[in-house]
Amino acid sequence: MKWAKALLVLTPIIILGTWEIFFFFPHAVYFCLLFNILLIGFTIFYFYKQSHNDKKLLFNFLIFPIIFQVALLCYSLVSANYFFVHLLFVVNFLLLYFYLRYCFLFFLHPDLYQDRSVENISAFGNLLLFFLLTSSLYGFESFLNIPVWILSLGVLITTFLVVYQVFWANHINTAKHFFYICLFCLVMIELFWSLLFLPFNYNVSGAILAFCYYIIIGIGRHYLRDRLNRRLIKLYLLVGFSSIFIIILTTRWM
């Protein structure tokens with residue numbers, strides 16, 4: 001228990017320091033990413049080994065923090081706003097600390113774990129994750145001329161894993177509703193491809209796609225849990241489309 005508590009505190013701090021090293025020494029990019037992924041994996045695995053939970057849960061808990069590190073790295077490579085990148089490192093530190101804290105409670109103190117904790121933090125984290133990753137992919141297309149099919153593959157893999165994790169966190173049977181996971185992936189790829197033809201920079205396109213994800217996954221998960229009603233539909237559509245409208249109005253067209 002002592003080592004588990006130490007890992008809970010030290011892991012986010014070490015990862016914050018590792019990303020700062022990457023910022024000043026970009027040639028260490030692969031080392032920093034691999035080190036952070038292994039450290040996160042080791043920490044969650046250590047929590048898991050101290051409990052007697054189903055082995056399948058280990059993979060489910062690893063999805064969000066690992067993909068978020070990849071998205072953070074990709075965005076850091078294309079962004080020219082150094083202050084915002086450092087701010088993202090701090091946000092990553094906070095998200096990771098609270099996420100690992102919930103993992104710690106889930107595995108080692110289930111009596112203290114509050115239901116929906118993972119769902120709540122991953123809801124915000126996945127929205128930011130989609131913004132970072134899709135903005136990066138649009139940036140790669142603009143700056144590096146990477147083929148669209150490769151970028152679409154990145155969207156497909158990310159959407160599949162994130163939606164799978166969301167279904168699990170919301171207690172939705174993933175095997176029974178596998179069709180909906182594939183449907184969400186198809187819709188996100190179509191939206192990603194469509195935004196390539198609009199005259200937006202990579203940040204705007206990524207933000208629009210992230211709020212499209214917010215609308216789709218929000219309505220979808222409530223529908224699959226038989227909790228969807230007119231109020232929720234209006235809420236998601238209002239928040240999502242209002243955010244997209246504000247982004248378009250306040251952005252500079254290329």
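Report the one residue of Gly240, Ser79, Ser152 whose Cα lies farthest in the direction of the positive end of the charge dipole of the chain (charges on C-beta: Lys and Arg +1, Asp and Glu -1; origin at the Cα centre). The listed residue farthest towards the positive side: Gly240. Across the chain, counting alpha-carbon atoms alone, Rg and Dmax equal 18.5, 54 Å. Using the alpha-carbon centroid of each, what span in Å lies between region 1-49 and region 111-129? That distance is 20 Å.
In the chain, the DSSP-assigned H stretches of four residues or longer account for a calculated mean residue ellipticity at 222 nm of -28500 deg cm²/dmol, using -39500 (n - 2.57) per stretch and the full residue count as denominator. Value of Rg to Rh for region 1-114, rounded to two decimals, is 1.00; Kirkwood radius and Rg both from alpha-carbon coordinates. Stretching Phe25 away from Val90 to a fully extended chain increases their span by 21.6 nm, per 0.36 nm per residue minus the current alpha-carbon distance. With a cut-off of 8 Å between alpha carbons and a minimum separation of six or more residues, what is the relative contact order of the chain in percent? RCO, the chain: 18 percent.
Computed about the Cα centre, the dipole magnitude for the chain is approximately 580 debye when only Lys and Arg (+1) and Asp and Glu (-1) carry charge, each at its Cβ. Relative protection proxy for 223-232, 90-99, from highest mean packing down: 90-99, 223-232 (other beta-carbon atoms within 10 angstrom).
Just so you know, all these numbers are worked out from the coordinates, no wet-lab data involved. Source: prediction; values computed, not measured. Counting neighbours? That spans all protein chains shown, and the Cβs are built from the backbone with ideal geometry, glycine included.
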